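Notes follow the structure.
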Amino acid sequence: MLLRLAAEAGQVTDKGTAIDFPLSRKDAADMCGATLHTVSRTLTAWENAGWIETSQQRVTIRDRREIQRRADDACE
């Protein structure tokens, strides 16, 4: 979902690809069909790993390859 949003509405910055509109964790959960708890836990872990950055309901993908790898692994 993050990769799709980045492709559709992303702005390349010096920090990575910023999704160019507010995205609450609840919105992300609804888009994914996941629980708010799961999305919050996942985004926090990804932020701690340095793969994304969040601030004021904005998400910047800092390591697109790692997020893509995670998405590919989930589909196998």
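Out of the residues in the range 48-76 that are assigned to a helix (DSSP H, G or I) and basic (Lys, Arg), which is surrounded by the fewest Cβ atoms within 10 Å (Cβ to Cβ)? Steps first, answer last, please.
Within the range 48-76, the first condition is being assigned to a helix (DSSP H, G or I), and the residues that meet it are 48-49, 64-75.
Keeping just the survivors that are basic (Lys, Arg) gives 64-65, 69-70.
Values: Arg64: 17, Arg65: 9, Arg69: 12, Arg70: 15.
Among them, the one singled out is Arg65.
Being surrounded by 14 or more Cβ atoms within 10 Å (Cβ to Cβ) and among the hydroxyl-bearing types (Ser, Thr, Tyr) is the filter here; which residues of the range 1-37 pass it?
Of everything in the range 1-37, just one residue is surrounded by 14 or more Cβ atoms within 10 Å (Cβ to Cβ) and among the hydroxyl-bearing types (Ser, Thr, Tyr), namely Thr17.
Output the residues belonging to the range 1-38 that are within 11 Å of the chain's Cα centre (by Cα), farther than 18 Å from Cys75 by Cβ and not small (Gly, Ala, Ser).
Residues satisfying the conditions are Thr17, Ile19, Leu23, Arg25.
The conditions are (1) part of a helix (DSSP H, G or I); (2) surrounded by 19 or more Cβ atoms within 10 Å (Cβ to Cβ); (3) among the hydrophobic types (A, V, I, L, M, F, W, C), and Ala45 fails exactly one of them. Which is it?
Going through the list (1) part of a helix (DSSP H, G or I); (2) surrounded by 19 or more Cβ atoms within 10 Å (Cβ to Cβ); (3) among the hydrophobic types (A, V, I, L, M, F, W, C), Ala45 breaks only (2).
Rule-based calculations on the coordinates, nothing more; no lab input. The structure presented is a predicted model; accordingly, all values stated were derived computationally and were not measured. A quick note on method: Cβ atoms are made from the backbone with ideal geometry, for glycine too, and the neighbour counts reach across all protein chains shown.
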